[in-house]
Amino acid sequence: MSPASNPLPGTRVRIPLTDATGDDAVVRVIAAPCRDMARDGILSEPLRPFSDALLVDVHVGGRLVLPGAWVEHEVLRRGTPIAPTPVAAADLRPPAVIAGTPEHAELHWGETVWPLDLGGAVAIPDSARAEPHALSRLRRLLLVAAGRRDEIALTMWQAAEFEIPWQDVRLLPRAASWFELAQVPPGMRYADAEQLQGVGRAARR
């Protein structure tokens with residue numbers, strides 16, 4: 001998809017969570033990687049799996065439930081447009097995913113890269129791999145994030161042992177341990193991580 005065809009930052013749509021009237025979520029575009037996050041027209045390695053996706057945040061009932069998620073364009077196409085709102089620099093809070101193998105793994109948090117020593121023995125959860133969300137999965141994730149897991153029709157999603165496909169280390173159980181293993185300093189914000197590694201907005205200035 002060409003950068004010109006991507007919705008602008010701040011573009012918002014409503015998507016239904018269930019069939020009940022007024023039960024919906026608001027999806028806001030934060031960035032389109034090829035247009036907003038490329039440097040000299042080239043995406044960094046951690047962003048390449050998301051070249052055709054959109055970075056969004058999502059509110060349910062006025063509460064932010066997904067601070068950053070990669071979604072497919074169908075989410076915007078199938079939503080109902082509403083008035084846009086500005087996007088601030090602090091709103092860029094991309095997911096973290098794990099790339100590589102247990103022998104040679106890295107934590108990719110947005111454009112920052114953190115070596116991840118799994119000792120070749122710790123399995124990488126499928127729910128931590130890079131993969132944008134389609135609308136159907138996004139709706140289920142939002143119900144889980146809003147504490148409404150029992151409303152999801154698919155029985156497997158209601159099972160306590162089901163691995164929720166967040167595709168975001170930040171939202172996995174024991175998320176802090178993955179960041180500790182990658183030696184991300186405690187309490188670090190994404191903007192600080194970019195500055196430390198000289199990537200993203202720090203490199204594009």
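The values are calculated or read from the model by the stated rules, or taken from the named source; none is laboratory data. As the structure is a prediction and not an experimental result, all values here were calculated from the model. Counting neighbours? That spans all protein chains shown, and the Cβs are built from the backbone with ideal geometry, glycine included. Ligands, DNA and RNA are excluded from the accessible area calculation, which covers all protein heavy atoms including side chains. Shrake-Rupley method; radii C 1.70, N 1.55, O 1.52, S 1.80 Å.
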Notebook entry, point to check: If you scan region 144-199, which residues turn out to be among the aliphatic types (A, V, I, L, M) and loosely packed, with under 15 Cβ neighbours inside 10 Å?
Noted result: Ala153, Leu154, Met156, Ala159, Ala160, Ala176, Met188, Leu196
Notebook entry, point to check: So, in region 35-60, of the ones that are surrounded by 20 or more Cβ atoms within 10 Å (Cβ to Cβ) and assigned to a helix (DSSP H, G or I), which residue ends up modelled with the lowest pLDDT?
Noted result: Met37
Item checked: Counted residues, region 17-34 - those being within 14 Å of Asp52 (Cα to Cα) and in a loop (DSSP other than H, G, I, E, B) -> 1
Next item on the list: Could you list, in sequence order, all residues of region 149-171 that are within 20 Å of the chain's Cα centre (by Cα) and either charged (D, E, K, R) or assigned to a helix (DSSP H, G or I) (or both)?
Entry: Arg149, Trp157, Glu163, Asp168, Val169, Arg170, Leu171
Checklist line | Where Ala90 falls short, out of the listed (1) in a helix (DSSP H, G or I); (2) touching a Ser or Thr at 6+ places or on another chain (Cβ under 9 Å) | finding: (2)
Next item on the list: Pairs only if they're at least six apart or on different chains, beta carbon under 9 angstrom, first in region 3-23 and in contact (Cβ under 8 Å) with a residue 40 or more places away in the chain, second in a loop (DSSP other than H, G, I, E, B) and among the basic types (Lys, Arg); list them, first residue then second.
Entry: Leu17/Arg148; Thr18/Arg148
Item checked: Pairs where the first residue, in region 158-169, is closer than 14 Å to Gly147 by Cα and the second is at pLDDT below 95 and open to solvent by 50 Å² or more (accessible area, probe 1.4 Å), C-beta under 7 Å, 6+ apart -> Gln158/Arg149; Gln158/Asp150
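If you check Glu106, Glu72, which single one turns out to be farther than 30 Å from Asp23 by Cα, not aliphatic (A, V, I, L, M) and not assigned by the TED database to the domain that holds Ala191?
Numbers: Glu72 fails: farther than 30 Å from Asp23 by Cα.
None of the others qualify; the one that does is Glu106.
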Note to self: Can you tell me which of (1) charged (D, E, K, R); (2) touching a strand residue (DSSP E or B) at 6+ places or on another chain (Cβ under 9 Å); (3) free of Cβ contacts under 8 Å to residues at least 24 places away in the same chain is the one Arg93 doesn't meet?
What the structure shows: (3)
Notebook entry, point to check: Could you say whether any residue in region 172-179 is on the phi > 0 side of the Ramachandran plot, in a loop (DSSP other than H, G, I, E, B) and in contact with a strand residue (DSSP E or B) (Cβ under 9 Å, 6 or more places away or on another chain)?
Noted result: no
Note to self: Step by step: first the residues of region 107-130, then only those that are over 17 Å from the mean Cα position of the chain (by Cα) and open to solvent by 40 Å² or more (accessible area, probe 1.4 Å), then the one that is nearest to Met188 (Cα to Cα). Which residue is that?
What the structure shows: Pro115
